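Structure first, commentary second.
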Amino acid sequence: MSTLKLTLLQQPLVWLDAQANLRHFDILLESIQQRDVIVLPEMFTTGFAMNAAENALPETEVIDWLRHWSVRTNALIGGSVALNTPDGAVNRFLLVQPDGTIHHYDKRHLFRMAGEHHHYLAGKERKVVEWRGWRILPQVCYDLRFPVWSRNQQDYDLALYVANWPAARAKHWQTLLAARAIENQAYVAGCNRVGHDDNGHHYQGDSVILDAQGEILAQAELGQAAQLDAELSLETLQAYRERFPAFHDTDKFLLL
C-alpha cells in the first residue's frame, strides 16, 4: 500500500481509572472508519503515574480491547500502557492488527526526573513493525530525546511517538519531533495527551504529524481534545530520499 491513513487521538486521561479511560476511547473509536493506523497516547489507561502498574489491567484484557477495535476499524491500533510482567513492571507500547497479531515495544529511556527508572524496567530491544507495506518504529515519550536509539537504519518509514509530555517543555517536544523527521528522512507522528494529572502537571498536547522534511501535515489545537488525520505517501517519501540521499553519509553507531 503506497498510502497510509493515520489517526492520532489527543485526549485527556482519567488518573488511575482504566475503565473510565477505555469507555472514553470507546466513544471516540465508534466513529472512526477507513483508517490504517490509530494511535493513543502514552499510558492511555492510567496517565503517567509511577504506581500505575499497581492499578494496571491484565495485559490480556488490554490486548482484547485493542483487538476488538482493530477488527472494528480494520486498522493497526495501539498506545502505551503500564503493565505487570513476570520480570517486573513495564511501560509497553502495544500495537494490534485485525488478524490478532500483537507487536510490542517496551520504553527504553525511563524518565528519571519522575523516578520512572525506580518503578519500571527499561526495554532492551528496538522494534520495527511491518504493516501494509510500511515499516513503523514505535517509541515512547522520553525516547524522543535520544536520537541514536531512533536512528533510521534504512529500516523504517514512519516513527510513532506516544507521550505524556508536559506543557512546560512543549518547545522541546516540537523541536525534537521535527529533528527526528529531518535527520531520519521519515514521517514522524507524535501523539500527546491534554489536561491535568494528579501530580499537578499540565499537558497542552501539541500532537502533530510531520513529513520527512519536518513540514506539518496535521496539528492539534493546543490544549484541546482532538483527532488528527493525515494520509501519508510512500511514493513521495521514496522520491524525496532519492532526490536527497543524505542517508548514504550517516555515521555508524553500535547500540549496546
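Structural remarks
- When the strands (runs of 3 or more DSSP E) confined to the stretch 1-101 are screened for residues that are open to solvent by 10 Å² or more (accessible area, probe 1.4 Å) and in contact with a Cys (Cβ under 9 Å, 6 or more places away or on another chain), none reaches at least 1 such residues.
- Among (1) of a type in the set (Phe, Trp, Tyr); (2) touching an Asp or Glu at 6+ places or on another chain (Cβ under 7 Å); (3) farther than 25 Å from ILE102 by Cβ; (4) open to solvent by 10 Å² or more (accessible area, probe 1.4 Å), the one test that TRP173 misses: (4)
- Taking the stretch 25-50 as the range and being on the phi > 0 side of the Ramachandran plot and over 17 Å from the mean Cα position of the chain (by Cα) as the test, only GLN34 passes.
- Of all residues in the stretch 27-53, those satisfying the criterion of being farther than 24 Å from LEU4 by Cβ and in contact (Cβ under 8 Å) with a residue 24 or more places away in the chain are MET43, THR45, THR46, GLY47, PHE48, ALA49, MET50, ASN51, ALA52, ALA53.
- Residue in the stretch 149-158 that is open to solvent by less than 70 Å² (accessible area, probe 1.4 Å), modelled with pLDDT under 95 and not in a helix (DSSP H, G or I) present: no
- In the set (1) open to solvent by 60 Å² or more (accessible area, probe 1.4 Å); (2) in a strand (DSSP E or B); (3) of a type in the set (Val, Ile, Thr), ILE136 fails one condition alone, (1).
- Wholly enclosed strands (runs of 3 or more DSSP E) of the stretch 193-242 bearing at least 2 residues modelled with pLDDT of 95 or more, surrounded by fewer than 21 Cβ atoms within 10 Å (Cβ to Cβ) and under 17 Å from the mean Cα position of the chain (by Cα): 216-219, 226-233
The values are calculated or read from the model by the stated rules, or taken from the named source; none is laboratory data. Not measured: the values here are computed from a predicted model. No Cβ is skipped: glycine too gets one built from the backbone with ideal geometry, and neighbour counts run over all protein chains shown. What goes into the accessible areas is simple: the full protein's heavy atoms, side chains included, and nothing from ligands, DNA or RNA. Shrake-Rupley method; radii C 1.70, N 1.55, O 1.52, S 1.80 Å.
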